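Values quoted throughout were computed directly from the atomic coordinates according to the rules given, and no laboratory measurement underlies them. Source: prediction; values computed, not measured. Cβ coordinates were reconstructed from backbone atoms using ideal geometry, including for glycine residues, and neighbour counts include every protein chain displayed.
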Amino acid sequence: MNTIIKKDFPFFNNNDIVYLDSAATSQKPQIVLDKMQEYYTQYCANTHRGEHELGDKATTEFENSRDYIAKFIGANTDELVFTKGTTEAINFVASSFVKSRFTKVFLSELEHHSNIVPWQLQGLEIVVLPLDKDLNINLEEYEKLLRLNPKSFVSITHVSNSFGIINPIKKLINIAHKYECLILIDGAQALAHLRIDVKDLDADFYAVSAHKAYGPTGIGALYGKYALLESMSPYQGGGSMITEVSFKKSSYLKPPLRFEAGTQAIAEVIGFKAALKYLFTLKQTQKEEDILLKYAKEKLQGLSRIQLYTQAENVLGNISFNIKGVHHNDIGILLSKQSIMLRTGHHCAMPIMKKLGIKGTIRLSFALYNTKEDINKTIQAIQKAIHLLTKNKGDKSASK
Amino acid sequence: MPQNKISKEIKQLADELELFDDVMDKYEYIIELGRALHVLNEKYKTTTNLVQGCQSQVWLHEYEKEGKLYFEADSDALIVKGLVQILIRIYSAHSSKEILDINTALLEELHLSEIISSGRQNGIASMIQKIYTYARQDNDKK
């Protein structure tokens, strides 16, 4: 079935590349490219300005996209602010909301740098929530910390980008609210894999990126409960976010437009909607992705000297591992030369690597277009790399 | 551009690296070079000797003997060790003046930066730069 899906992605048409780095960015289906091209070739105009027909058409498509994306994650349309991506969404909340209301932010040890550094930039103290041996958040410790620190701000990833752990978000949100805390969920790795309903979760903020879910780069969104958004000051100033401007004072539009200064990434917003629509039609194949992940894990476990970092079952989208005695970068280079594209290194999550006492891992990350054949080729390539890197020739003549 | 032993070594290495039809054979050769790298004494694995900008850790140690500079290195990754061994073969046992006479553009023939995937920073360029920094420091002392 996934071979059929592969055909939707022009990237795979002209090469034999095995792409297992979708947690970094996914490939894009033709329909996304078509919709973006349609904007540029048929109704390219700026949005929310002027009176002409083209501008109207562009604005309508733009706002329809907002509506679709919002509904896709269970939000109301006016609760969805476009950003460059998850990173900008978190920076925005840190700067326009948390900085003036909180002194500390509670994070898990699993977080990506984009859920660490924005808080530090605003001078906020970071309190780290400990993990158990399988890299799950210790819920008792979590509750204890929040009980001692009510009315705090919490920011946690939905799915770990480096170990695939799915955090029990609903529970975490529930506990946070029990102690009158507010909570942001980093949904960067969740959007492509899980059905998200921000209302059902009762998240205060939820941040996503399009490009990890078959959409274009440079576009993402922040969901925020309307009352919270309304209480926030603008992040940036510029065109199309004001009601009145004079040299003395300006007044601002209501959310979400208040937070969208300047011309937006119009084609990307339209492409974002197309990507989610595409994803929606494939929802039923999500199970196959889980099957593939289990298949890959089984195959990896068959390799000698394999080191996996979690035995948890609540895992999705990616697997991280090392081969004992071999540097992850060496494996990454040799796989790349065999047309297997995956990521090695710290995956922008240095704190968790430090906790595990490693410099990095080799990460396979999956999307709907991956097949068992991809996994088989990868395992073969890993075996070849291990062979080259561990055979003991001790041939000194090479060095002269 | 002055021709000296260094540029000859670069030419010879470029020829050697070009021999391989199969890319994996080329890597096997580089890995062998890495294995053959002289063990670097732990005491030289210092922050000063650490090469900035590499995805794996690389230490480059230099010492002078009878007017010539010698380089020793280590890395936690094998392919990078092979690369640094190539640089050592080129630059070790030459005077700082001989090193500084060589334009780094000559190294482009070796296509070294294609061997490791470049991160945000170019590790190879940093290694080469470190060798030249050592050479300049040595030259300034004279």
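Classify chain B: rounded, prolate or oblate, from the alpha-carbon gyration tensor (a ≥ b ≥ c, eigenvalue square roots; a/c under 1.5 rounded; otherwise prolate if a/b is larger than b/c)? Judged from the Cα gyration tensor, chain B comes out oblate (a/c at least 1.5, b/c at or above a/b). With a simple spin-label model that places each label point 7 Å from the Cα along the Cα-to-Cβ direction, the separation between A:Asp16 and B:Tyr63 comes to 5.0 nm.
Neighbouring Cβ atoms from other chains, within 10 Å of the Cβ of residues in A:325-336, number 6 on average.
Each label was represented as a point 7 Å from its Cα along the Cα-to-Cβ direction; for A:Leu253 and A:Gln42 these points are 2.4 nm apart.
Backbone N atoms of the stretch A:309-342 closer than 14 Å to the 7 Å Cα→Cβ label point of A:Leu139 belong to residues A:314. Our helix-only sum for the protein assembly as shown, with -39,500 (n - 2.57) per DSSP H run of n ≥ 4 divided by its residues, gives a mean residue ellipticity at 222 nm of -12000 deg cm²/dmol. By the combined test of axial Cα extent (at least 20 Å) and Kyte-Doolittle hydropathy (mean at least 0.0), the qualifying DSSP H helices of chain A come to A:266-281.
A Förster radius of 22 Å combined with the Cβ-Cβ distance from A:Lys324 to A:Lys391 puts the calculated FRET efficiency at roughly 0.90. Is any residue of the stretch B:25-46 close enough, with backbone N under 20 Å, to a label point placed 7 angstrom from the Cα of B:Lys141 along the Cα-Cβ axis, and if so, which? Residues B:41, B:43-46 fall inside that zone.
Using the structure shown, list the pairs from A:Lys104/A:Lys199; A:Lys297/A:Lys354; A:Lys212/A:Lys359; A:Lys294/A:Lys324; A:Lys35/A:Lys294; A:Lys7/A:Lys377 with a Cα-Cα distance above 30 Å, or answer none. Beyond 30 Å: A:Lys35/A:Lys294. Each Cα pair under 8 Å and six or more residues apart adds its sequence gap; the mean of these over the residue count of chain A is a relative contact order of 22 percent. Cα extents for chain A along the principal axes, largest to smallest and rounded to whole angstrom: 77, 56, 47. Structure remark: mean-square fluctuation, Gaussian network model of chain A, C-alpha springs under 10 Å; the largest value among A:Lys171, A:Lys104, A:Lys144 belongs to A:Lys144. Summary of packing: across the peptides A:329-342, A:312-325, the per-residue average of other C-beta atoms within 10 Å ranks them, highest first, as A:329-342, A:312-325.
Packing order of peptides A:64-70, B:7-13, highest average first: A:64-70, B:7-13 (average count of other Cβ atoms within 10 Å over each peptide's residues). Measuring from centroid to centroid over Cα atoms, what is the spacing of the stretch A:22-63 and the stretch A:266-342 in Å? That distance is 30 Å.
In this label model, A:Lys372 and B:Asn4 are separated by 6.2 nm, measuring between points 7 Å along each Cα→Cβ vector. Other chains near B:23-33: what is the mean number of their Cβ atoms within 10 Å of each residue's Cβ? The shielding value for this peptide is 5. Sort the stretch A:27-153 into rounded, prolate or oblate with this rule: let a ≥ b ≥ c be the square roots of the eigenvalues of the Cα gyration tensor; rounded if a/c is under 1.5, and if a/c is not under 1.5, prolate when a/b is larger than b/c, oblate otherwise. The shape class here is prolate.
At a Förster radius of 25 Å, what calculated FRET efficiency corresponds to the Cβ-Cβ distance of A:Lys355 and A:Leu148, to the nearest 0.05? FRET efficiency, A:Lys355 to A:Leu148: 0.65. Taking every C-alpha pair closer than 8 Å and separated by at least 6 residues, the mean separation divided by the residue count of chain B gives a relative contact order of 29 percent.
Would you please classify the overall shape of the stretch A:120-210 from the alpha carbon gyration tensor, given that a ≥ b ≥ c denote the square roots of the eigenvalues, rounded means a/c under 1.5, and beyond that prolate means a/b larger than b/c while oblate covers the rest? Taking the square roots of the gyration eigenvalues as a ≥ b ≥ c, the stretch A:120-210 is rounded. Counting neighbouring Cβ atoms within 10 Å and putting the fewest first, the residues A:Cys44, B:Cys54 line up as A:Cys44, B:Cys54.
Over the stretch B:35-91, the reciprocal of the mean inverse Cα-Cα separation, the Kirkwood hydrodynamic radius, stands at 11.6 Å. Note on A:Asp67 and B:Lys43: with the Förster distance fixed at 51 Å, the Cβ-Cβ geometry gives a FRET efficiency of about 0.20. Give me the Kirkwood hydrodynamic radius of the stretch A:1-65, using the inverse of the mean 1/r over all pairs of distinct Cα atoms, in Å to one decimal. Here the Kirkwood hydrodynamic radius works out to 14.2 Å. Each principal axis of the stretch A:144-257 carries a Cα extent, and these read 50, 39, 23 Å when sorted largest first.
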